[in-house]
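Participant: Pasting a structure below so you can have a look.
Computed from the coordinates by the stated procedures, all read-outs in this text should not be read as laboratory data. Remember, predicted model here, so these are calculated numbers, not experimental data. Here the Cβ positions follow ideal geometry from the backbone for every residue, glycine too, while neighbour counts run over all protein chains shown.
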């Protein structure tokens, strides 16, 4: 017995050590990016601005704008890395008794009914290919709309876009704004460094200036900034497009399936401005600062159909609402209400007829 326990403890320690090593290895891409940023800072500030540029005014202007961009770039990168992922609340977790019923269900329809019954009070509109409520077998939870299980993080993540090794984090609801800003400021950083160092790169390349190690730093800085800018421009443009279309990377490759309507890539598309506000917030003064301004709780999202219904609802009062079994209420309008709003009520029509035909209103005389 003691020997068995000893073997178990040994295996547990090996597993823990292996997990720690894997966790440490995941930081290598982040450390690489941090090292490149640190080197580029030295190459630009010291080798270029302080040792190669002789004009003091040019030095000051270059350094001021460089540090503004650098701070925004690093701030966005930091928040993208260290913002905790959005996780699913406890009330979405299925009790163990229900889990047993789900796993031991005789048919798929029976399993589907159990999930539907548990999720009837939850605001979920997304479904699986067979029309069932989405359920994570690993986390034992009902998946909120747009949430997916990340095998790297080991949890279901709210509005998961993808897991990015360059930030060692899931890009998701909580840090998507930071990620888009990080890409934008990284691209701006590379373009600014390349353009402001271009003149001195050419002069060093021609041999007009001597700089020793500083010459190497400036030449290499120009090439590295151009290389990163080329790779960033397409990635940044793609995520701007996704933001304006209200899609995630996963949804762009596989359309979300809705309870009503089936698969629809535009199911969450509310219009470009509303989509942008959902990520960047309502206050335009904070749009380009890496501070949290995203709209919503990460669990519920207005669908395109709901948005259209709200637009129709704003055209007239609706006193009754109904639910379609997904935890969301929809307005009901009656035909007679629409008829009255379009044609006017009967009293109004009588008054109009009396004004137009004052003499013939109550005469039954036949006029050939």
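Participant: Using 0.36 nm per residue, how much length does the chain from residue 238 to residue 202 gain when fully extended, once their Cα-Cα distance is taken away?
Facilitator: 9.7 nm
Participant: Can you bin region 139-281 into rounded, prolate or oblate? Criterion: square roots of the alpha carbon gyration tensor eigenvalues sorted a ≥ b ≥ c, rounded for a/c under 1.5, prolate for a/b above b/c, oblate for the rest.
Facilitator: prolate
Participant: Next question. How much length, in nm to one decimal, is gained on full extension between residue 107 and residue 78, taken as 0.36 nm per residue of separation minus their Cα-Cα distance?
Facilitator: That pair, residue 107 and residue 78, stretches by 5.6 nm at full extension.
Participant: Sort 16-25, 240-249 by the packing proxy (mean of other Cβ within 10 Å over each peptide's residues), most packed first.
Facilitator: Details: 16-25: 9.8, 240-249: 17.9.
Listed from highest to lowest mean packing, they are 240-249, 16-25.
Participant: I've got another one for you. Give the calculated FRET efficiency between residue 97 and residue 24 to the nearest 0.05, with a Förster radius of 45 Å applied to their Cβ-Cβ distance.
Facilitator: On the way: r = 40 Å, r/R0 = 0.88.
The pair residue 97/residue 24 has a calculated efficiency of 0.70.
Participant: From the gyration tensor of the Cα coordinates in region 90-170, what semi-axes in whole Å does the equivalent ellipsoid have, largest first, with each one equal to sqrt(5λ)?
Facilitator: Taking √(5λ) for each eigenvalue gives 25, 13, 11 Å, largest first.
Participant: What ranking do 195-204, 229-238, 174-183 get when scored by the average of other Cβ atoms within 10 Å per residue, highest first?
Facilitator: With the highest mean Cβ count within 10 Å placed first, the list reads 174-183, 195-204, 229-238.
Participant: Sorting 163, 67, 104 on the 10 Å Cβ count, fewest up front, what's the list?
Facilitator: 104, 67, 163
Participant: Something else now. With a/c under 1.5 counting as rounded, go ahead and sort region 232-311 into rounded, prolate or oblate using the C-alpha gyration tensor (a ≥ b ≥ c being the square roots of the eigenvalues; past the cut-off, prolate if a/b is larger than b/c, else oblate).
Facilitator: In terms of gyration-tensor shape, oblate.
Participant: How would you order 86-95, 132-141 from highest to lowest mean count of nearby Cβ atoms within 10 Å?
Facilitator: Going by the mean number of other Cβ atoms within 10 Å, highest first, we get 132-141, 86-95.
Participant: Any chance you could run the full-extension gain for residue 16 through residue 265? It's 0.36 nm times the residue separation minus the Cα-Cα distance, nm to one decimal.
Facilitator: The span from residue 16 to residue 265 would gain 85.5 nm if fully extended.
Participant: Given labels modelled 7 Å from the Cα in the Cβ direction, how far is it in nm from residue 122 to residue 58?
Facilitator: About 6.2 nm, to one decimal.
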